[in-house]
Amino acid sequence: MDFNDNLFLAEQMKLGNAKAYDFLMHSFYQKLCGYAYTLSHDHAAAQDIVQNVFVKVWSNKKNINTSFSIKSYLYKSVYNEFINQYRKNKPVFFLEKKYLESVDLVVENSDENLDQLLQLVDKEIRDLPPKCREIFLLNKKEGLTHIEISEHLNISIKTIEGHMTRAFKILRNKLHSKVKTIFFLLFDFNCAKSINNFTDASLK
């Protein structure tokens, strides 16, 4: 049985073939978790989203359209599940909506797996000069401000700004266009969202 064939896989899913479902889980679970994490920025939430999707896919297996790409169907389902959960917690700001639509568009039109694109981004970040990498990760991964990093590392804010500028310049030059899109969706959005959160808090 060739589950790599999209039509055959879809047909077997509709018939309730447990082996087809296992193949789907084995092939896409980790990749979908990677995609869900780019949306939620929370590992536990990402896993919950993907698990819910697989439960719903199996529950509604008879409604699978065999002419559709299983891969696109799964990624779209994860996107929709995230939006459904996200809206329960807070409204979707215009900026966040544009970000989510952009990530979804990259996935829909990508011949490469999103987790592979994310791995390439991670590799280039790890290859940054040590101090440059440390400051970049403190700011972009840990969410520390330049002032907080300055106090933490006992260096000037000007030095931090220099390392951040250098990091972005290196990454911009090394990442090819598709990976660059993922990178700036992830990190530029985080910067903009922080500004939005600060603005919202100041208005309360």
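Quick one: would you say Ala36 is in contact with a helix residue (DSSP H, G or I) (Cβ under 8 Å, 6 or more places away or on another chain), open to solvent by less than 30 Å² (accessible area, probe 1.4 Å), assigned to a helix (DSSP H, G or I) and farther than 28 Å from Val121 by Cβ?
No; evaluated as a whole, the condition is false for this residue.
Show the residue pairs meeting these rules: Cβ distance below 8 Å; 6+ apart or different chains; first residue within the range 42-58 and surrounded by fewer than 17 Cβ atoms within 10 Å (Cβ to Cβ); second residue among the hydroxyl-bearing types (Ser, Thr, Tyr).
His43/Tyr37; Lys56/Ser77; Trp58/Tyr21
How many residues are open to solvent by 40 Å² or more (accessible area, probe 1.4 Å), in a loop (DSSP other than H, G, I, E, B) and either of a type in the set (S, T, N, Q) or farther than 21 Å from Asn63 by Cβ (or both) if we restrict to the range 1-33?
The number of residues fulfilling the criteria is 3.
Name the residues in the range 7-50 that are of a type in the set (Gly, Ala, Ser) and within 13 Å of Ile83 (Cα to Cα), would you?
Answer for the range 7-50, where residues must be of a type in the set (Gly, Ala, Ser) and within 13 Å of Ile83 (Cα to Cα): Ala36, Ser40, Ala45, Ala46.
Can you pull out the residues in the range 35-64 that are within 18 Å of Leu7 (Cα to Cα) and either aliphatic (A, V, I, L, M) or not assigned by the TED database to the domain that holds Met25 (or both)?
Those that are within 18 Å of Leu7 (Cα to Cα) and either aliphatic (A, V, I, L, M) or not assigned by the TED database to the domain that holds Met25 (or both): Val57, Ile64.
Among all residue pairs at least 6 apart or on different chains, which show Cβ distances below 7 Å where the first residue, located in the range 150-170, is within 21 Å of Asp122 (Cα to Cα) and the second is assigned to a helix (DSSP H, G or I) and among the aliphatic types (A, V, I, L, M)?
The qualifying pairs are Ile160/Ile135; Ile160/Ile149; His163/Ile135; Met164/Ile135.
Kindly indicate which of Ser72, Ser67, Ser77 is outside the structural domain of Asp122 (by the TED database) and over 29 Å from Val121 (Cβ atoms).
Of the residues listed, the single one that is outside the structural domain of Asp122 (by the TED database) and over 29 Å from Val121 (Cβ atoms) is Ser67.
Considering only the range 49-162, give the helices (runs of 4 or more DSSP H) lying wholly within it that have at least 1 residues that are of a type in the set (Asp, Glu) and at pLDDT below 85.
94-108, 114-126
Considering each of Leu9, Leu32 in turn, give the residue that is of a type in the set (A, V, I, L, M, F, W, C) and within 14 Å of the chain's Cα centre (by Cα).
Of Leu9, Leu32, the one residue that is of a type in the set (A, V, I, L, M, F, W, C) and within 14 Å of the chain's Cα centre (by Cα) is Leu32.
The values are calculated or read from the model by the stated rules, or taken from the named source; none is laboratory data. Treat the numbers as computed from the prediction; the structure is a model and nothing was measured. We place every Cβ from the backbone using ideal geometry, glycine too, and count neighbours over all the protein chains shown. We work out accessible area using only protein heavy atoms, side chains counted, and drop any ligands, DNA or RNA first. Shrake-Rupley method; radii C 1.70, N 1.55, O 1.52, S 1.80 Å.
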